[in-house]
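**Student:** Below you will find the structure I want to go over with you.
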Amino acid sequence: MHSGVLLPVNHATTIREVAMQTGILGTFWHDDALRLAARLEATFRSAVHAGHDAVRRSERSDRSVVTCLTMPSNRRDAPPPQPGNACKVDGLFVAADAWLVDTPGPQDRLDLQPCTDTAELIGHLYRTEGEAGLDRLNGDFAFVIHDTRSDTIIARRDPFGVRPLFWAMLPGGGIAFSSLPEVIPDAGLIAGIRDVDGVLDLLGRSSADRPQTLIKGLNRVPPGTQMTLHRGQQKPVYRSCWVPGQRPAHVPQTFETWTAQLRHLMDKAVQSRLPATGNLAASISSGLDSTSVTMLAERHLGEDQHIFASTYAASEEAEAAYPGMLDETDVASQVVARSNRISWEKIRCKSDMNVEEFPIGAAAWDISSSEAPEFRTAIRAAEQGADAILTGWGGDNTVTYKGYGVPAALLKSGKWAALKSIRDHGKRAGQSPWNFMAKTAFGVVFSEGSPVREFLKGPFRDTYNLNRKLMTGFRRKHLEHGPLNEYRTSNTRANRVENITNPVLTFRLEALACHGLRCGVRYIHPMLDRTLIDFALTCPPEYEFREGLYRAPVRAAMKGIVPDAARLRAQTGYPLVEATITIARKKQAFLEKLDDLEQDPRLQDRFDFAFIRQHLERLPSVKRAERHVIDVSTTGQKQASPLNMSFVAIGAMGIFQTALDEEARALEKQA
């Protein structure tokens, strides 16, 4: 992950020459810091693709070392990487893994050249403006600063954790940092004992917003957070560095001008994150987020640049067994067909699911690339010579908001014409206008996810609360302290804020970031641009629905950029044949595994076996699953899935059992 060289060709945004990956390492306050730094570096090089060809930049004092390793490009004819992003500035040791945008402002204030190294820029900014200067940083970043004057360590990550950063207090004194979580325990700097409480927290919350990981003593710097540790302190102090919702200086007052500004900011968010040279990859579906990012990027490609796009698709066996299916690839192929700068391929899904082995990593589940299509996308990108992957991740959390709570918001604010438009559209589709108005009024009084709504929906409700219990298998007493409620209120701005600060997003982004670093590719998430998000939060609810479709602002903004096949598509997604049918085929295997897990007395207090068995037995037969897939995939009409998420609880139980076994073995070995 590399900020590369800043070119003085565009003062509105920051353009880089290359997008090579970097990883940062640090050891501080240790008498043998140099030897520990060498162990960290050797372990890191072994953990990443082409790590042994990475170039190093280090700075050191008597008891501290900071290092930045820059990986070579995946393109065979690319020039060798240049060392950078670790420096000594005015009593500061700085290591940075960053891609900053809007840097001309601080560069001008600090009288720095446009080609200033990113770590040097951060160091000068901190020394001149303090933490307030760091608060204004925009982009993707993780960095560590050792201020030798105050003997203080400061570490930060960007608001969403696009760049990873982990740390540990060392048994012999001192502290170590690494971009990858497994490096510190694998280098032998800490014992590497499984943290069962950390495993339970991740199972219950699916989040990476807390310091605790899955290894005792190994911590993360949480996304959007500054960690400060003074010499002699035993515990660091954490401070949140960003709260979404800073109102822009000017907000357009009409739908047309508002969507024009949205288009401008989306375009800037994409352009400012693109390298000036080197090929890109793109993970696209048939939705608005990924197609918007890809087609905006295509407009800014250099002469020698190309985008290798891919879409998740059914296996060849499934296509042969179910001819005439519609899936994501039908629309995706139309999106890329208009450009000769984008090539495209299908990434085929696998048709199997493991119900026996549940490996655990240092900070996340150890999922193989065959089980996670997103991971295979990164591997394929590296094989094609790309150094970065464009995604639309986080878009529908705020920027391309899906319209939750809009009717209730319109009723509450008295926007009758806009509310009537939604009601009349539903009426033409066969929905009862009376039911629509009743649900809308109910939504004003009782938020979606509130206890009253939960109670009235009954035992078969399909809500966030129920799904969390199904996915974890936890008894209710172990769920009550987690973020279990998804409250969709009649305030669409509050809903957007809730979506973009959802801790689940941080876990997904961190897992992608770590996997990308291991593969040698950088993930680009333009929809998580701070300025773009703050603007999207000003969207009035009456803008959300136009011409029979929600997400009207982004549809209007992307007119002429995204082909109408994707821009005006109402279907929210087609099922992958393997996902539905494989689960149906594994139904009996899930039940047998549940019986086996129930024999372990260590699991009895934590998991509700009767509840999970009841819902596993409700999983569809293979015949019913096939019928559902065929109906949806041939008509393109969304239907309620016959699946429930209880099969995921089998994995949760297995992971907890594995964690207990690993902890016991480690403690026995240590004794």
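The values are calculated or read from the model by the stated rules, or taken from the named source; none is laboratory data. Because the structure is predicted, anything quoted here is derived from the model rather than measured. No Cβ is skipped: glycine too gets one built from the backbone with ideal geometry, and neighbour counts run over all protein chains shown. Areas reflect the complete protein model, heavy atoms only, side chains present, ligands, DNA and RNA absent. Shrake-Rupley method; radii C 1.70, N 1.55, O 1.52, S 1.80 Å.
**Student:** Evaluate segment 248-270: report whether one residue or more is in a loop (DSSP other than H, G, I, E, B), of a type outside the set (Val, Ile, Thr), closer than 23 Å to Thr103 by Cα and in contact with an Asp or Glu (Cβ under 8 Å, 6 or more places away or on another chain). Spell out the reasoning first.
**Tutor:** Taking segment 248-270 as the starting set, the residues that turn out to be in a loop (DSSP other than H, G, I, E, B) are 248-254.
Next cut, of a type outside the set (Val, Ile, Thr) only: 248-250, 252-253.
Now drop any that are not closer than 23 Å to Thr103 by Cα, which leaves 248-250.
Still in the list and also in contact with an Asp or Glu (Cβ under 8 Å, 6 or more places away or on another chain): 248.
Scanning segment 248-270 turns up at least one residue that is in a loop (DSSP other than H, G, I, E, B), of a type outside the set (Val, Ile, Thr), closer than 23 Å to Thr103 by Cα and in contact with an Asp or Glu (Cβ under 8 Å, 6 or more places away or on another chain).
**Student:** Same structure, new question: Inside segment 609-671, counting only helices (runs of 4 or more DSSP H) that do not spill past its ends, which hold 1 or more residues that are hydroxyl-bearing (Ser, Thr, Tyr) and open to solvent by less than 70 Å² (accessible area, probe 1.4 Å)? Talk me through it step by step, then tell me what you get.
**Tutor:** On the way: elements: 609-616, 622-635, 647-670.
Those helices (runs of 4 or more DSSP H) span 622-635, 647-670.
**Student:** Okay, next question. When the residues of segment 405-429 are narrowed to those that are in contact with a helix residue (DSSP H, G or I) (Cβ under 9 Å, 6 or more places away or on another chain) and outside any helix (DSSP H, G or I), which ends up surrounded by the fewest Cβ atoms within 10 Å (Cβ to Cβ)?
**Tutor:** If we take residues in segment 405-429 being in contact with a helix residue (DSSP H, G or I) (Cβ under 9 Å, 6 or more places away or on another chain) and outside any helix (DSSP H, G or I), then Lys415 is surrounded by the fewest Cβ atoms within 10 Å (Cβ to Cβ).
**Student:** Here's a follow-up. Would you confirm, using the coordinates I've provided, whether Asp147 is touching a helix residue (DSSP H, G or I) at 6+ places or on another chain (Cβ under 9 Å), of a type in the set (D, E, K, R), in contact (Cβ under 8 Å) with a residue 24 or more places away in the chain and closer than 23 Å to Tyr523 by Cβ?
**Tutor:** Values: touching a helix residue (DSSP H, G or I) at 6+ places or on another chain (Cβ under 9 Å): yes; of a type in the set (D, E, K, R): yes; in contact (Cβ under 8 Å) with a residue 24 or more places away in the chain: yes; closer than 23 Å to Tyr523 by Cβ: no.
In short, no.
**Student:** Looking at Ala557, Ala565, Ala536, which is the one that is hydrophobic (A, V, I, L, M, F, W, C) and either touching a strand residue (DSSP E or B) at 6+ places or on another chain (Cβ under 7 Å) or farther than 30 Å from Ser413 by Cα (or both)?
**Tutor:** On the way: Ala557 fails: either touching a strand residue (DSSP E or B) at 6+ places or on another chain (Cβ under 7 Å) or farther than 30 Å from Ser413 by Cα (or both); Ala536 fails: either touching a strand residue (DSSP E or B) at 6+ places or on another chain (Cβ under 7 Å) or farther than 30 Å from Ser413 by Cα (or both).
Of Ala557, Ala565, Ala536, the one residue that is hydrophobic (A, V, I, L, M, F, W, C) and either touching a strand residue (DSSP E or B) at 6+ places or on another chain (Cβ under 7 Å) or farther than 30 Å from Ser413 by Cα (or both) is Ala565.
Yes/no matrix, rows are residues, columns are (1) open to solvent by less than 10 Å² (accessible area, probe 1.4 Å); (2) part of a helix (DSSP H, G or I); (3) not hydrophobic (A, V, I, L, M, F, W, C):
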| position | (1), (2), (3) |
| --- | --- |
| Thr128 | no, yes, yes |
| Leu134 | yes, yes, no |
| Ile154 | yes, no, no |
| Val162 | yes, no, no |
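**Student:** Just checking, how many residues over segment 35-52 are at pLDDT 95 or above and open to solvent by 40 Å² or more (accessible area, probe 1.4 Å)?
**Tutor:** Selection size over segment 35-52: 5.
**Student:** I've got another one for you. If you check Glu617 against the conditions, is it acidic (Asp, Glu) and closer than 20 Å to Arg468 by Cα? Full working, then the answer.
**Tutor:** Values: acidic (Asp, Glu): yes; closer than 20 Å to Arg468 by Cα: yes.
Yes, satisfied.
**Student:** Across segment 117-126, which residue is farthest from Val101 (Cα to Cα) among those that are over 26 Å from the mean Cα position of the chain (by Cα) and open to solvent by less than 10 Å² (accessible area, probe 1.4 Å)? Write out each step before concluding.
**Tutor:** Our first condition is that a residue be over 26 Å from the mean Cα position of the chain (by Cα); within segment 117-126, this holds for 117, 120-121, 123-126.
Within this subset, residues satisfying the condition of being open to solvent by less than 10 Å² (accessible area, probe 1.4 Å) are 121, 123, 125.
On the way: Leu121: 12, Gly123: 16, Leu125: 14 Å.
Top of the filtered list is Gly123.
**Student:** Would you point out the residue of segment 195-246, among those that are part of a helix (DSSP H, G or I) and free of Cβ contacts under 8 Å to residues at least 60 places away in the same chain, that is surrounded by the most Cβ atoms within 10 Å (Cβ to Cβ)? Show your work before the answer.
**Tutor:** Taking segment 195-246 as the starting set, the residues that turn out to be part of a helix (DSSP H, G or I) are 196-205.
Filter again for free of Cβ contacts under 8 Å to residues at least 60 places away in the same chain, leaving 197-198, 201.
Details: Asp197: 12, Gly198: 22, Asp201: 17.
By that ranking, first place goes to Gly198.
**Student:** While we're here: Would you check if there is a residue in segment 558-581 being part of a loop (DSSP other than H, G, I, E, B), among the polar types (S, T, N, Q), exposed (fewer than 14 other Cβ atoms within 10 Å of the Cβ) and touching a residue at least 24 places away in the same chain (Cβ under 8 Å)?
**Tutor:** Taking segment 558-581 as the starting set, the residues that turn out to be part of a loop (DSSP other than H, G, I, E, B) are 558-563, 568-576.
Next cut, among the polar types (S, T, N, Q) only: 571-572.
In the following step, the residues that additionally are exposed (fewer than 14 other Cβ atoms within 10 Å of the Cβ) were identified as 572.
Now narrow it down to the ones that are touching a residue at least 24 places away in the same chain (Cβ under 8 Å): 572.
Checked against the condition, which is being part of a loop (DSSP other than H, G, I, E, B), among the polar types (S, T, N, Q), exposed (fewer than 14 other Cβ atoms within 10 Å of the Cβ) and touching a residue at least 24 places away in the same chain (Cβ under 8 Å), segment 558-581 yields at least one hit.
**Student:** Then there is this: Looking only at segment 19-37, count how many residues are assigned to a strand (DSSP E or B) and within 19 Å of Gly84 (Cα to Cα).
**Tutor:** Initial filter on segment 19-37 (assigned to a strand (DSSP E or B)): 22-28.
Within this subset, residues satisfying the condition of being within 19 Å of Gly84 (Cα to Cα) are 22-27.
Residues flagged as assigned to a strand (DSSP E or B) and within 19 Å of Gly84 (Cα to Cα) within segment 19-37 amount to 6.
**Student:** Taking interchain pairs and intrachain pairs at least six residues apart, which have beta carbon atoms under 8 angstrom, with the first residue in segment 587-606 and over 19 Å from Met645 (Cα atoms) and the second charged (D, E, K, R) and surrounded by 15 or more Cβ atoms within 10 Å (Cβ to Cβ)?
**Tutor:** As it stands, the answer is Gln604/Glu598; Asp605/Arg475, since those pairs meet every condition given.
**Student:** Scan segment 589-608 and tell me whether some residue there is part of a helix (DSSP H, G or I), among the aromatic types (Phe, Trp, Tyr), modelled with pLDDT of 95 or more and surrounded by fewer than 21 Cβ atoms within 10 Å (Cβ to Cβ). Give the steps one after another, and end with the answer.
**Tutor:** Just the residues of segment 589-608 that are part of a helix (DSSP H, G or I), to begin with: 589-598, 601-603.
Narrowing further to those that are among the aromatic types (Phe, Trp, Tyr): 590.
Filter once more, so that each one left must be modelled with pLDDT of 95 or more: 590.
Narrowing the set further to residues that are surrounded by fewer than 21 Cβ atoms within 10 Å (Cβ to Cβ) leaves none.
There is no residue in segment 589-608 that is part of a helix (DSSP H, G or I), among the aromatic types (Phe, Trp, Tyr), modelled with pLDDT of 95 or more and surrounded by fewer than 21 Cβ atoms within 10 Å (Cβ to Cβ).
**Student:** Moving on to the next point. Among what's in segment 383-404 and is open to solvent by 20 Å² or more (accessible area, probe 1.4 Å) and touching a helix residue (DSSP H, G or I) at 6+ places or on another chain (Cβ under 7 Å), pick the residue that is nearest to Arg551 (Cα to Cα). Don't jump to the end; show me each part of the working.
**Tutor:** Let us first name the residues in segment 383-404 that are open to solvent by 20 Å² or more (accessible area, probe 1.4 Å), namely 383-384, 393, 396-397, 402, 404.
Among the residues that remain, those that are also touching a helix residue (DSSP H, G or I) at 6+ places or on another chain (Cβ under 7 Å) are: 393, 396-397, 402, 404.
Details: Trp393: 16, Asp396: 9, Asn397: 12, Lys402: 6, Tyr404: 10 Å.
That would be Lys402.
**Student:** Would you pick out the residues in segment 471-519 that are at pLDDT below 90, among the hydroxyl-bearing types (Ser, Thr, Tyr) and either within 24 Å of Thr225 (Cβ to Cβ) or surrounded by fewer than 20 Cβ atoms within 10 Å (Cβ to Cβ) (or both)?
**Tutor:** Tyr487, Thr501, listed by residue number.
**Student:** Quick check on my filter: what residues within segment 164-183 are surrounded by 15 or more Cβ atoms within 10 Å (Cβ to Cβ), assigned to a loop (DSSP other than H, G, I, E, B) and out of contact with any helix residue (DSSP H, G or I) (no Cβ under 8 Å at 6 or more places or on another chain)?
**Tutor:** Step one: list which residues in segment 164-183 are surrounded by 15 or more Cβ atoms within 10 Å (Cβ to Cβ), which gives 164-170, 174-183.
Checking the rest, the ones that are also assigned to a loop (DSSP other than H, G, I, E, B) come to 164-165, 170, 174, 179-182.
Within segment 164-183, just Leu165 meets the criteria.
**Student:** So, Gly224, is that one of a type in the set (Gly, Ala, Ser), at pLDDT 90 or above, on the phi > 0 side of the Ramachandran plot and touching a Pro at 6+ places or on another chain (Cβ under 8 Å) or not? Before you say what the answer is, go through the steps one by one.
**Tutor:** Working: of a type in the set (Gly, Ala, Ser): yes; at pLDDT 90 or above: yes; on the phi > 0 side of the Ramachandran plot: yes; touching a Pro at 6+ places or on another chain (Cβ under 8 Å): yes.
Answer is yes for this residue.
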